[in-house]
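The values are calculated or read from the model by the stated rules, or taken from the named source; none is laboratory data. All values reported here derive from a predicted model rather than from experimental measurement. Quick reminder, even Gly has a Cβ in these numbers, built from the backbone with ideal geometry, and neighbours come from all protein chains shown. Only protein heavy atoms, including side chains, enter the accessible area calculation; ligands, DNA and RNA are left aside. Shrake-Rupley method; radii C 1.70, N 1.55, O 1.52, S 1.80 Å.
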Amino acid sequence: PSSLEELGYESFSCCWQLNKVKFNDSPCKIGSYCFNNDSNLVSVDLGDKIISFSYYVFSWCNSLKFITIPSSVNEIDSNAFTNSSIERISLPEDNQYYCIVNNVLYDKEMTTIVYIPINYSGEFIVGKNINYMDMYKLNSSFISSYIVEEGKVYIDDLTDFKKRVTILEKYKIKAQGD
């Protein structure tokens, strides 16, 4: 309906027969786990008015390989695409909050990595402006090593304890302290 303001928690979660979603052009927020585990979902048309994605929106959507995020989106939880099979994200250049560089989704200031596609492979250079990395999210791709440019990055790793990593020059990540 044109009055839809939000798709709530698990609205379409585990709808295994769902293969296509098309949003109309009314402002809408997409809630947590909304399309979680929709393993046959192959096409999502978000329209032009989606405002935000909460966490795990497209997790375990194994058939969804591509998505276009409209310029209206102003908030994407850093775990919105965790455990998804999305290989490519498209984003209009006029989005004021997010950008894509080398097929990786960042916040506009490039301080947070929002999503690295599942098919990203090889070496990944973490720019000097990045200040947060969620290793659980990043481990879903085939990255052979992370190289951090000069600066500090806060790493939230698989075991949920946090470490501060300081890099003085380009080299492979080494955690300091436990």
Worksheet item: Given H placed on each backbone N at 1.01 Å, which residues far from Glu6 in sequence or on other chains put an amide H within less than 5 Å of it?
Response: Lys29
Practice prompt. Report the charge-dipole magnitude of segment 14-134 in Debye, nearest 20, computed about the Cα centre from +1 at each Lys and Arg Cβ and -1 at each Asp and Glu Cβ.
Written response: 220
Item to complete: Tabulate in residue order the Karplus-calculated ³J(HN,Hα) for segment 109-124, using 6.51 cos²θ - 1.76 cosθ + 1.60 with θ = phi - 60°, rounded to whole Hz; enter x for Gly and Pro.
Response: 7, 6, 9, 10, 8, 8, 7, 10, x, 4, 8, 5, 9, x, 7, 10
Worksheet, complete the sentence: Spelling it out for Val126: with amide H atoms placed in the peptide plane at 1.01 Å from N, the residues 5 or more places away or on another chain with amide H under 5 Å from its amide H are Ile147, Val148, Glu149
Discussion item. With the crude spin-label approximation of a point 7 Å out along Cα→Cβ, what separation in nm comes out for Asn40 versus Lys128?
Written reply: 5.2
Worksheet item: Long-range amide H contacts for Val114: which residues qualify at under 5 Å (H placed 1.01 Å from N, peptide plane, sequence gap of 5 or more or a different chain)?
Response: Leu105, Tyr106, Asp107
Response to the item:
The pairs in Lys20/Lys49; Lys20/Lys108; Lys29/Lys108; Lys29/Lys65; Lys65/Lys108 lying past 27 Å Cα-Cα in this model are Lys20/Lys108
Item to complete: Summarise the accessible area of segment 60-117 (1.4 Å probe, protein heavy atoms) by the percent that is carbon and sulfur.
Response: 43
Worksheet, complete the sentence: Karplus ³J(HN,Hα) for segment 72-84 (6.51 cos²θ - 1.76 cosθ + 1.60, θ = phi - 60°; Hz, whole; x = Gly/Pro) runs 6, 5, 10, 8, 10, 4, 5, 10, 4, 10, 4, 6, 8
Worksheet item: Mind listing the phi-derived Karplus ³J(HN,Hα) values for segment 43-60, rounded to whole Hz, using 6.51, -1.76 and 1.60 with θ = phi - 60°, and x for any glycine or proline?
Response: 9, 10, 10, 7, x, 10, 10, 4, 9, 8, 10, 8, 7, 6, 4, 10, 5, 6
